[in-house]
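A.B. asks: Dropping the structure in here first, questions after.
The values are calculated or read from the model by the stated rules, or taken from the named source; none is laboratory data. Bear in mind the structure is a predicted one, so any value in this text is a computation, not a measurement. Quick reminder, even Gly has a Cβ in these numbers, built from the backbone with ideal geometry, and neighbours come from all protein chains shown. Just the protein is used for accessible areas: all its heavy atoms, side chains included, with ligands, DNA and RNA removed. Shrake-Rupley method; radii C 1.70, N 1.55, O 1.52, S 1.80 Å.
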Amino acid sequence: MKFFPLSLLTKKFFLYSLGILAIFSYIFAKFADELVEKELHTFDLQIIHQVQGLITPQLTSVMKFFTFMGSIKMLLFLFLLSCLFMLWRKKVWEAIFLLLAIGGGTVFNLFLKWVFQRARPTLHPIIQETGYSFPSGHSMVSFIFYGMIGYFLLLFFERRVAKAISVVFISVLVFMVGLSRIYLGVHYPSDVIAGFAAGGAWLVICIMGLRVMIERGSR
């Protein structure tokens, strides 16, 4: 394969990306280490009591909606819809890396769950879930998928207002997916934060790869 030197702009993009990747990796490693050392109990319980102290029938319906937005069924539907749209617009590399992002992220999450094998919380589960708890699959895969879609929107929109609205909307959506898992009693807060961190790290890696392929294609 012929080597193409990266542009200065892409090199700067990589530098910032590596810094963000290091931050996400550190956060995940920190929570993973504290989980192994059994130092997360107080941290998790304090947040769980605060979040579940807000439980009402109306809020439960809202939280169930957000947890559905991070479910396999919804993400698969949105993924197929997004890929069809990208292929229609001849954005082949974008579709390929969206597949790598969500597919690889799902496998990565299952691997991490198998490594840590943390049982789910039993304090006050509103819904029932199976499988291991750390890191949260909803939080991790939602961060990856919606984060990738958010990156595509930043490339698509030209106006700063549209870019800002996209960032805020995606950020609130992903945050609420994670919060809903704590509220519904199926994940510890540390599961959610670790899921965001691991998902963020994988997302950055995928975006860096996509950036290289797009630049190669433009040449």
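A.B. asks: Select, from 11, 64, the only residue that is more than 21 Å from the chain's Cα centre (by Cα) and of a type outside the set (Asp, Glu).
C.D. replies: None of the other options fit; the residue is 11.
A.B. asks: Considering every residue within region 168-175, establish whether at least one is in contact (Cβ under 8 Å) with a residue 40 or more places away in the chain, more than 21 Å from residue 94 (Cα to Cα) and among the aromatic types (Phe, Trp, Tyr).
C.D. replies: no
A.B. asks: Right, next: Taking residue 190, is it touching a residue at least 60 places away in the same chain (Cβ under 8 Å), closer than 20 Å to residue 75 by Cα and of a type in the set (Ser, Thr, Tyr)?
C.D. replies: Criteria not met by residue 190.
A.B. asks: Can you tell me which residue in region 191-216 is surrounded by the most Cβ atoms within 10 Å (Cβ to Cβ), limited to those that are at pLDDT below 95 and of a type outside the set (A, V, I, L, M, F, W, C)?
C.D. replies: 211
A.B. asks: Now a separate question. Report, by residue number, each residue of region 139-171 that is open to solvent by 50 Å² or more (accessible area, probe 1.4 Å) and among the hydroxyl-bearing types (Ser, Thr, Tyr).
C.D. replies: Once the filter is applied, which keeps residues that are open to solvent by 50 Å² or more (accessible area, probe 1.4 Å) and among the hydroxyl-bearing types (Ser, Thr, Tyr), region 139-171 yields only 171.
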